Structure formats: C-alpha cells, structure tokens
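The values are calculated or read from the model by the stated rules, or taken from the named source; none is laboratory data. Everything numeric here is computed off the predicted structure, so don't read it as measured data. Don't worry about glycine lacking a Cβ; one is built from the backbone with ideal geometry, like all the others, and counts go over all protein chains shown. Heads up: the accessible areas ignore ligands, DNA and RNA and are worked out on the full protein's heavy atoms, side chains in. Shrake-Rupley method; radii C 1.70, N 1.55, O 1.52, S 1.80 Å.
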Amino acid sequence: MKSLKSAALGDKLYPVTIESKFNRRLPKIEIVGLASATIKESAARVKSAIESLGDFPFPPLEIVINLSPSDVKKDGSHFDLAIALLILLQKEGFNEDFFVFGELGLDGRVKSSAELFSILLFLSAKVGAAKVLVPSDIAQKAAMIPNLSVFAVSNLNEARRFFTDPEFAASCAVAGSHPLFENMIEIAGRKFVSNLNYELDFSDVKGQERAKRACLIAACGFHNILFEGSPGCGKSMCSKRLRYVLPPQSVDEVLLACAYNSLNGGEVDFSALRAFRSPHHTSTRSSIFGGGSSAAKIGEVALANGGVLFFDELPHFGKQILESMREPLEDNRINISRVNSKVSYETKFLFAGAMNPCPCGNAFSPGGSCRCTPREVERYKSAVSHALLDRIDLYVAMSETNANDAPSITSAQMHEMVTRGFEAQIRRGQSELNGKMSEADIARFCILDEDAKVALDRGVASYSLSQRGINKTLKVARTIADLAGSQIIIKPHIIEALSFRMRSEKAI
C-alpha cells in the first residue's frame, strides 16, 4: 500500500492521507473516505490523464483510493494529482512525505483550483515546515508563504518524473520569499511584522485629546471602543486611523488574515497592515456574520480578525445584528451552522463603534439646538442594548472641535508607545493581548496594589459594574500600566480605566 499527503478545508484545515490498494477484481477506481461528488468525478479525469501519457498501461484491477481520516468530509479537485500518482507509482519506491495538490486536465495538464492558495496558507500556519508539490501556475505565489518548501510541475508526466528522478526533482524547486518576512522584529524569542505605513495619520485629528488617549489604550491592548459625539467631531477619523497604530503581527496572524481574505475571493498579498472592515448599517446579517443558504461563507466579523471592525452609525444597525455581535465579542469566535457545513472562524478583532448622542446629533453641541424629544432620544439609544454596551471596554464622549484646536501627536509616535506596551505583554508571557485575556489570565497578570483594590471596590459600587464590567476595567487598567511601564496596577491606572466606563448605563 502506497500513500501521499494532501489536505481538506472545512471548518479548519484537515491534513489528509491518500492511500491506494490494488485488488484482482473488475477494473474500476473506487474512492472512499467521505469524498464529495467533485472528488468522485476525479476517477474519469485521472484515467484520461494517465492514458494521455501513452506509455503506461492502465492496470486492469480494482483500484481503491482511501482518503483518511474517513470521518472528515472532503471536497475539491486538488486531490486529482495525488490519486493519479499513486496509480502511476504503484511499483515504484518514492518519498511519501510530500503534500501533493493539483487538478488534472484530460490531457494531463496540472492546474490550480480556486481554494488551493487558501489551503496552502492554512497548511503553513497549521503544519509548519512542509514539502509541497503544486501546479506551476501557483508556484511563485506559493513560494512566498513561509514554512513551505515548494516544488512545481506543469503536467502529469513531470509529476511522475519528480518522484522517480532525483535530479529532475531538484530542478522543480521554486525559491522565493516575500519582502515582508525579511525584516521582522524579535521580541522574547518570537518574530513579528511591524507596520510602518501611516497613510492615515492621527496628526490630522485636531484637539480631541481624550479620544486620542482612548485610541492609544485601545490599540495597545485590543480593547473595544465606542465614540459618541456630534457629526463632524472626528469619530470616524479616529476609528479609521486605529489600524495604523495596532501592535505588530506574528507570522501566523499574517498567514491567517491572508487565508481568510482568500476565502472571501479577494486578491491576497502579505501585508504588515492589519485588516479594517467597515460594513454599512444596511448590510445583511449573513454578510456580517457569514453564512448563506447552503454553504457557510465567511463574513465581516471573521475578515476583521486581527484588525478593526468599525460600525459607524451604530444604532442604525439592525437589532438582530447588534445582539448577535455579543457572541464574537465575548468568545472571540463565530460558529456558523448550515445544512451542509459547520464552520468556525476566529474573531479576535478590535471593535470600534460610533454614534450620535441623539437622532439629530446636536445634543452635545454648544452652538446647535437639539430638536429631539426625550422619547426620540430614548428610542434611538435603546437600539444598543445594555448587554452589548457591557462588552465595550472604552467609552468616549467627544466634544466639537474649535478653531484653536491643533494636532498633538502623530501615528508614528502613538505606534511607538503601542509597541512598547505590546512588548511588555509578550515578555510577561501572555498568549493573548490584554483586551482578549481569559479570566485565568486576568487573575495571573492583573496584579493590583492595596490602593488600587480600594479604588476598584469604590468604582464597582459607583458604576454598578457587572462581573464582566469589572474584568473589562482590570484589562484596561493593565494596558494603562503597560503604557506607563509599570509592573503592577496602581490607583491612577484604575481611576483612568473607570473614567472610560459608561456611568449612566447599567449593564446586564
């Protein structure tokens, strides 16, 4: 029995071992192991491609192909090449430690498939170092993926020679690397990619010192943030500049972001700049969370993973959408179930929301008069539930700017401070940034002195904090302490963290 490796993409990447066995029975190709119709159709493509070689008599035997593990559903035409090779090399000794991908044409050509690049990205993140044989038309792009040793063939005959001729195999190697991975920074033995692009700069934001301080804290610890203020005060400006000052990404984060983007059908390129997604408030629930009538497609909350998800005009989003946001914000994961598929995506994003103080927007304006009735204001604000607000770490009430306001800090300066705070979190041994810490991590890393404990107890009573609100306050205080270079959380850190809570809202 011979075997080769491949992979299937479902709710996650599943490495697949393709095994072959030849039996003295009526000639046919039998494919087992929860194979989809696309894979079962490969029998005809494989037979035609092998016959096109002209020098290989198709064996008059029953050929059983097993895709293991057999309890995982498998789909895709990229299994063709591995199946054909197992038939061609039945009497040959060869290196079975290769992942083989490629769709076969009837004339023996090896072609890429729609999801192959996504599979390679997930494979690099999951398996690490791996040797892969891929079609020539995707080889240069695949060679830029870290952790993969890429070899390329353009037809079935070359693939056969690859496993039987070591000299030819060596000539199939494709070398290449992306410039992004050549200049990485190292922190505590781990490598990260740091963004140096400040296309949208905080120097454009005049005044609003409290909002910029909140942005600095939010970026450093990946804390959810809500801006409330009159139209034109800078809510969207601050939100759109957050992505440029976020912490450096690990290689795995870059790969996962590219993999998710490729699932969305987007053009994929490795970038140090984290994702920024800003769906319109008229977007459907499926487009935001993912799904569809049959297949579970990726949505905005997963595409924002590792970056920023921005909801402008927050109260105008549908009630069902806003309430559904509670799961990805709390669990950092979204689970989508459909009849034919169940998919789970990571949702470790920084959520930024923006809203007016009232329907007309003038409630905070010293110069304009608010035309809204108390009932209209109440109806407008009630669209955002207390349970959702309780998942917001930082709340900022923004005032209108005036002619004397001036720029005070650049994105480069903010990014430098964020990076220092990020380094403190990594060197402390955290697996997640402060805003995404579990309760166990909070108990381990959020150490308070006695004065800070007293201040927190008073804040709990004054702000009517739920347990979630207490945890959010501790996480924000931990980030403030990191920005200040403090090992422990002291009273001023707790007081500042409490100042960003919504006192008027009682969370449930």
Task: Qualifying residues in the stretch 426-439 (those that are outside any loop (DSSP other than H, G, I, E, B) and touching a residue at least 40 places away in the same chain (Cβ under 8 Å)) - the one surrounded by the most Cβ atoms within 10 Å (Cβ to Cβ) - done: Asn434
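Here is a yes/no grid of residues against (1) in a loop (DSSP other than H, G, I, E, B); (2) under 30 Å from Lys381 (Cβ atoms):
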{"residue": "Ala406", "(1), (2)": "yes, no"}
{"residue": "Ile409", "(1), (2)": "yes, no"}
{"residue": "Val418", "(1), (2)": "no, no"}
{"residue": "Ala424", "(1), (2)": "no, no"}
{"residue": "Asp441", "(1), (2)": "no, no"}
{"residue": "Gly459", "(1), (2)": "no, yes"}
{"residue": "Asn471", "(1), (2)": "no, yes"}
{"residue": "Ile494", "(1), (2)": "no, yes"}
{"residue": "Met502", "(1), (2)": "yes, yes"}
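Go through the stretch 97-107 and report how many residues are open to solvent by 70 Å² or more (accessible area, probe 1.4 Å) and under 19 Å from Ala7 (Cβ atoms).
1
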Open item on the list: Looking only at residues that are among the charged types (D, E, K, R) and modelled with pLDDT of 95 or more in the stretch 293-312, which one is nearest to His281 (Cα to Cα)?
Closed with: Asp312
Task: Answer from Leu273, Leu200, Leu255, Leu246 - the residue that is touching a Gly at 6+ places or on another chain (Cβ under 9 Å), surrounded by fewer than 24 Cβ atoms within 10 Å (Cβ to Cβ) and within 30 Å of His178 (Cα to Cα) - done: Leu273
Task: Qualifying positions in the stretch 374-399 - open to solvent by 40 Å² or more (accessible area, probe 1.4 Å) and either without any contact (Cβ under 8 Å) to a residue 60 or more places away in the chain or more than 25 Å from Phe351 (Cβ to Cβ) (or both) - done: Pro374, Arg375, Glu376, Glu378, Arg379, Ser382
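Using the structure shown, decide if Ala354 is in contact with a Ser or Thr (Cβ under 8 Å, 6 or more places away or on another chain), assigned to a helix (DSSP H, G or I) and open to solvent by less than 20 Å² (accessible area, probe 1.4 Å).
No, not satisfied.
Criterion first (at pLDDT below 95 and in contact with a Ser or Thr (Cβ under 9 Å, 6 or more places away or on another chain)) does Ser399 satisfy it?
Details: at pLDDT below 95: yes; in contact with a Ser or Thr (Cβ under 9 Å, 6 or more places away or on another chain): yes.
The answer is yes for Ser399.
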Open item on the list: Quick check on my filter: what residues within the stretch 33-51 are open to solvent by 10 Å² or more (accessible area, probe 1.4 Å), touching a residue at least 40 places away in the same chain (Cβ under 8 Å) and not small (Gly, Ala, Ser)?
Closed with: Leu34, Arg45
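Considering the stretch 108-129 alone, what residues qualify as being among the small types (Gly, Ala, Ser) and either open to solvent by 10 Å² or more (accessible area, probe 1.4 Å) or touching a Lys or Arg at 6+ places or on another chain (Cβ under 7 Å) (or both)? Reasoning before the result, please.
Step one: of the stretch 108-129, the residues among the small types (Gly, Ala, Ser) are 108, 112-114, 118, 124-125, 128-129.
If the condition is that a residue be among the small types (Gly, Ala, Ser) and either open to solvent by 10 Å² or more (accessible area, probe 1.4 Å) or touching a Lys or Arg at 6+ places or on another chain (Cβ under 7 Å) (or both), then Ser112, Ser113, Ala114, Ala125, Gly128, Ala129 are the ones that fit.
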